[in-house]
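Asks: Would you mind keeping the following structure in view while I ask a few things?
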Amino acid sequence: MRIKPNSSGSSHGRQGVVLQAVSLFARRRGRQSGFTLLEVMVVMIIMAIMAAVAIPAFSSWREKQAVRSATQALMAQLKQARVLAVSENRSVSLTFTSNTYTFDADTTKAATCDICKKELNALSQYSNKLSISPTTTHTFSSRGTVNPGRITLTTGSHSNTIKLNIIGRAYLQ
């Protein structure tokens, strides 16, 4: 099969050759256009395989990001609690349940803290599967010290642990 140059005498390089070949192929097939059933099925199978590989990886990535985001937010609140306790010369507590924590809750028996923020933070904003353990209360004193311990955030196979030392510093383990 020989491809002739166009009417101006040149074939415009590769692009002209490709266009002429496509035009020749289209004339041979007649006026039929579209895809065969076999071609559509092959494309569908390839897309299904790609989705089967990508969906579990994406789910794992989302869980990891949820733990990371929740950990960063909790670390910021722990640091804020320490600063608030020292600056206002009072105790500031974080009370943890399995899927929420309350920032600056009044933990005194008399419940007289009028300036406490009592901010409830739900972990469901990051992921419905996210949980905190252990469920306890950490209270920062007016000197910035705190009852030491570990706080673990977990979802699926991903987890992060925050360590609180006695002087009130939070570290990611």
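No lab work stands behind these numbers, since they all come straight from the coordinates. Because the structure is predicted, anything quoted here is derived from the model rather than measured. Cβ atoms come from the backbone with ideal geometry, glycine included; neighbour counts cover every protein chain shown.
Asks: Determine the sum of side-chain charges near S142: Lys and Arg each +1, Asp and Glu each -1, restricted to other residues whose C-beta is under 14 angstrom from that of S142.
Replies: Once all neighbours under 14 Å are counted, the net charge is +1.
Asks: Applying 1/(1 + (r/R0)^6) with R0 = 35 Å to the Cβ-Cβ distance of A51 and T139, what FRET efficiency is obtained, to the nearest 0.05?
Replies: Working from the Cβ atoms, E equals 0.10.
Asks: Let me ask you something else. Under a Cβ-only charge scheme (Lys and Arg +1, Asp and Glu -1), can you give me the dipole magnitude of the stretch 57-172 about the Cα centre, in debye to the nearest 20?
Replies: The calculated dipole for the stretch 57-172 is roughly 340 debye.
Asks: Any idea what the relative contact order of the stretch 57-172 is, in percent, if you count C-alpha pairs under 8 Å spaced at least 6 apart?
Replies: Computed over the stretch 57-172, the figure is 28 percent.
Asks: Please work out the FRET efficiency for the pair N89 and W61, using the Cβ-Cβ distance as r and a Förster radius of 25 Å; give the result to the nearest 0.05.
Replies: 0.05
Asks: So what's the net charge close to L130: Lys and Arg +1, Asp and Glu -1, counting the other residues with Cβ under 15 Å from its Cβ?
Replies: +3
Asks: Taking H placed 1.01 Å from N in the peptide plane, check which residues at least 5 places from T136 or on another chain put their amide H under 5 Å from its amide H.
Replies: Here the answer is F96, since their amide H atoms fall under 5 Å of that of T136.
Asks: When ranked by the protection proxy of mean other Cβ atoms within 10 Å per residue, highest first, what sequence do the peptides 153-162, 120-129 form?
Replies: Peptide ranking by packing, descending: 153-162, 120-129.
Asks: Once Lys and Arg get +1 and Asp and Glu get -1 on their Cβ, which of Q80, V67, N121 lies farthest toward the positive end of the dipole of the stretch 57-172?
Replies: After comparing all options, I get V67.
Asks: From the phi of every residue in the stretch 71-86, what ³J(HN,Hα) in whole Hz does the Karplus formula 6.51 cos²θ - 1.76 cosθ + 1.60 yield, where θ is phi - 60° and glycine or proline is x?
Replies: 5, 4, 5, 5, 4, 4, 5, 5, 5, 5, 4, 5, 5, 5, 4, 6
Asks: Taking amide H atoms as placed 1.01 Å from N in the peptide plane, list the residues 5 or more away in sequence, or in a different chain, whose amide H sits under 5 Å from that of G168.
Replies: Close amide H contacts, sequence-distant or interchain: V146.
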